[in-house]
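Below: one structure, written as C-alpha cells.
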Amino acid sequence: MSFKFKYLVSFFLALASQVVFPFPEMIRHGYSNCITCHVSPNGGGLVTPYGRALSQEVLSTWHRENESDFLWGLVPSPEWLNLGGDFRYVQTHLDTPDTKTGRFIVMQADIEAAASLGKFSFVATVGKSHEVDPPKFIDNFFSRRHFVLYQASDQIYVRAGKFQRAFGINLPDHLVGTKRGLGWDYGSETYNIEGSWIDEAKDIFITGIFGRPDNRDLDREKGVAVRAGFNLAETHKAGLSYFYGNKTSSERHLAGPYAMLGFRKDLFLLAEVDMVNEHPKGGDPRWGWANYGRLDYEPLQGFHLFVSHDLIKSDLKVGNSLKRTYGGGLQFFPQPHFEFLGSYQKQGNRQISSEDNDFFWLMLHFYL
C-alpha cells in the first residue's frame with residue numbers, strides 16, 4: 001500500500017466521523033444559540049424535546065405527529081431522563097493516480113443519556129470502540145463524552161467533564177481545516193471546566209482545559225479557550241475565538257473570527273478563519289492559518305445543495321505546507337431520525353503531491 005493511499009484512507013475515515021450532531025445553520029431560522037436545541041450549551045450530542053420538535057418541523061421534508069420522539073415514542077421515559085443515540089454508516093470511493101477502491105464503514109454506534117436533578121444534569125455516552133481485538137471485553141466500549149452540567153440561572157451554565165472545547169463554529173465534520181487541521185478531530189475530547197453566559201443577543205464561553213489525565217500517553221494540550229458570539233441581526237451572528245494550549249512538545253496560540261449568516265430561510269453561509277502561532281519546544285516558532293466556508297441552498301425543506309472549501313497552511317514560510325479541499329454535495333433529511341449526505345470533492349496535500357485527487361462518499365446517519 002503506497003504512502004499516498006494510506007493517507008487517503010485515513011482522510012476518508014476522518015471525513016466520515018461526524019461524531020456530533022450540531023446544526024449551526026439553524027441561524028437562518030433565528031436560532032442563534034445551541035442550548036435551544038441541545039443539552040450541551042455548546043451544541044452537539046443529545047437534543048432536548050424542543051430540539052426534537054424542530055428536527056420534525058424545520059429540518060425534515062416529511063413527518064407525522066410526534067415522529068421525532070425517542071424511538072418514535074415506543075419507549076416512554078420519565079421527564080427527568082432524556083435518551084438518544086447516533087449511528088453512522090459510510091460508503092467511500094477513492095480515485096487517485098495510484099488506485100481506485102471503495103469501503104463500507106460503520107463509523108459510530110453511540111447511546112447517550114442525560115439525567116436531570118434540579119439544576120444539575122448528568123450527561124454521558126457509551127459506544128462501540130474502534131479498537132481492533134481489544135485485550136479485555138470492556139475495551140470494546142468507550143465514552144466519547146461525559147459531563148456534569150449546572151444551570152446557575154437562565155443565562156449562566158457551568159459544566160465539568162470530557163467534551164470538546166468551545167472554539168469557532170461547532171461543526172459536525174471534524175475533518176475540516178478549522179478542526180482536524182488544528183488537531184481537534186475525531187477523539188480529541190479533553191477534560192475541561194467550562195463557564196458560559198448565554199442570552200438572546202450574545203454568548204460567552206470560557207473553558208479551562210486539563211488534557212487527558214486519564215491517559216497521559218496521549219499528551220493532550222492543557223490551557224484555556226475563550227469564545228464570544230454576538231447577534232448582528234435576527235439571522236446573523238459573528239464572533240471571535242482565542243485558544244492557548246501547552247503540551248510536552250509545543251505550545252501555541254490560536255485566534256480568529258467566525259460568522260453564521262442566514263440570508264434567507266433557504267440560503268446560509270458558514271465561515272471561519274483562524275491564525276496559528278506555534279512554538280515547538282527546541283525549535284523556531286511558526287505562523288499559519290486555517291479557513292473553512294460552506295454556502296448552502298435549500299430548494300425544498302430538508303433537501304440541501306452546498307459548496308464548501310477548507311484549507312490549512314501550517315507554516316506561512318513553507319510553500320508545500322498547504323492542504324485544501326473543495327467541492328460540493330447534497331444533504332437530505334427525508335424524515336425525523338434519518339439523514340443522508342453525499343459529496344464529491346477535490347483534495348490536495350502539497351506535502352504528498354502537486355495533484356488534487358477525487359473523493360466520493362455517501363453517509364447514512366440514523367439517530368434515535
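The values are calculated or read from the model by the stated rules, or taken from the named source; none is laboratory data. What you see is a predicted model; the values in this text were computed from it and never measured. All Cβ positions, even for glycine, are placed from backbone atoms using ideal geometry, and neighbour counts span all protein chains on display. Side chains are part of the model used for accessible areas, which takes the heavy atoms of the whole protein and leaves out ligands, DNA and RNA. Shrake-Rupley method; radii C 1.70, N 1.55, O 1.52, S 1.80 Å.
A few points about this structure:
- Listed residue pairs exceeding 28 Å between alpha carbons, taken from K100/K265; K202/K323; K237/K313; K119/K202: K100/K265; K202/K323
- The residue list A53, Y244, S308 was ranked by how far each Cα lies along the charge dipole of the chain toward its positive end, using unit charges on Cβ atoms, and Y244 comes out on top.
- Within the chain, helix-based [θ] at 222 nm, where runs of 4 or more DSSP H residues each add -39,500 (n - 2.57), nearest 500: -1500 deg cm²/dmol
- Accessible surface of L270 - all protein chains present, 1.4 Å probe, nearest 10 Å²: 0
- Note on Rg/Rh (Cα atoms, Kirkwood Rh): of the candidates (i) 1.05; (ii) 0.98; (iii) 0.94, the value calculated from this structure sits at (iii).
- Looking at the chain, the accessible area is 46 square angstrom per residue; that uses a 1.4 Å probe and ignores ligands, DNA and RNA.
- Computed extension length for F104-F332: 80.1 nm, one decimal, from 0.36 nm per residue of separation with the Cα-Cα distance subtracted.
- Full extension of the chain between V318 and A233 yields a length gain of 26.6 nm, computed as 0.36 nm times the residue separation minus the alpha carbon distance.
- Taking 7 Å steps out from each Cα toward its Cβ at A255 and L117 produces label points 4.2 nm apart.
- Taking the centroid of alpha carbons for each part, the range 50-101 and the range 250-300 are 27 Å apart.
- Approximate spin-label separation H279-E65, in nm, with each point projected 7 Å along Cα-to-Cβ: 6.4
- The heavy atoms of D284 present about 130 square angstrom of accessible area, all protein chains included, probe 1.4 Å.
- All-pairs alpha carbon distance profile, the range 162-297, 10 Å steps from 0, percent: 12, 39, 34, 12, 3, 0
- Normalised Debye scattering of the range 212-368 at q = 0.08, 0.17 Å⁻¹ gives log10 I(q)/I(0) of -0.34, -1.21, counting only Cα atoms as equal scatterers and leaving out solvent.
- Y150 versus W287: modelled label distance in nm, points set 7 Å from Cα along the beta carbon direction: 4.2
- A 1.4 Å probe over all protein chains sorts L362, L83 by accessible area into L362, L83, starting with the largest.
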